[in-house]
1. Answer yes if at least one residue in segment 156-163 is touching a Cys at 6+ places or on another chain (Cβ under 6 Å), in a strand (DSSP E or B), under 26 Å from A60 (Cα atoms) and not polar (S, T, N, Q), and no otherwise.
2. Which of the residues belonging to segment 166-185 are polar (S, T, N, Q), loosely packed, with under 14 Cβ neighbours inside 10 Å and not in a strand (DSSP E or B)?
3. Restricting attention to segment 60-71, and to residues there that are in a helix (DSSP H, G or I) and touching a strand residue (DSSP E or B) at 6+ places or on another chain (Cβ under 8 Å), which single residue is surrounded by the most Cβ atoms within 10 Å (Cβ to Cβ)?
4. Output the residues belonging to segment 94-147 that are open to solvent by less than 30 Å² (accessible area, probe 1.4 Å) and outside any strand (DSSP E or B).
Amino acid sequence: MSFLPRLLGIGLLSVLLTLLLMSCETSKPNAGEFGSPTKIKGDVAPAPETRVVAQVTDSATVFKMPQAQLAAAFIRHFNDGTVIDKILVRKAPGVDKEAGTYFLVGMGLRNGMFRAIALPLNSSGDNTYYLSPTAESYVISGIGCSTCFFNFENGRIVGTTCGENTGGGHCDLKVTDHTDIFASR
């Protein structure tokens with residue numbers, strides 16, 4: 001009689017295993033099911049977002065984005081302990097007023113060394129300037145310099161100069177062909 005309970009137990013166990021296996025999905029998910037969507041022919045990728053930064057008049061610069069938000073974006077961009085404490089919008093020197101290029105400039109320090117970033121701004125024609133994600137990014141890192149300056153030629157940044165160079169200090173310039181200061185991380 002002890003044989004019958006074992007047989008019922010094995011039978012019940014096999015029925016449970018069969019039901020369990022049947023409830024599991026055995027198909028392999030395709031690549032588009034999880035992760036980023038698969039592009040369908042004719043889809044257009046969204047254009048990178050431009051940001052209105054400031055409006056410049058003869059007498060003042062009015063920031064259209066809070067300077068604290070710009071500083072936080074610059075700090076995220078550096079992501080190395082650089083603290084940005086000054087934000088400016090400045091016209092490139094040496095060009096006439098109508099054709100002048102304006103730059104959004106963030107300045108600060110990293111471990112006591114000068115750091116700055118300059119991003120060229122586009123104009124909408126009504127003295128409103130905006131930042132495009134495809135704009136170049138010019139980053140200065142001072143080594144032994146209390147202050148570094150961008151050198152301009154025809155409205156473009158072409159190099160750097162170390163201010164108060166008291167022996168061996170220099171400023172390194174790194175240029176990238178895009179900016180990602182507003183990219184989420």
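The values are calculated or read from the model by the stated rules, or taken from the named source; none is laboratory data. Source: prediction; values computed, not measured. With ideal geometry, Cβ positions are generated from the backbone for all residues, glycine too; neighbour counts draw on all protein chains shown. For accessibility, only protein heavy atoms count, side chains too; no ligands or nucleic acids. Shrake-Rupley method; radii C 1.70, N 1.55, O 1.52, S 1.80 Å.
1. For segment 156-163, residues touching a Cys at 6+ places or on another chain (Cβ under 6 Å), in a strand (DSSP E or B), under 26 Å from A60 (Cα atoms) and not polar (S, T, N, Q): absent.
2. Correct list: T166, S184.
3. Among them, the one singled out is L70.
4. Residues satisfying the conditions are G100, S132, A135, C145.
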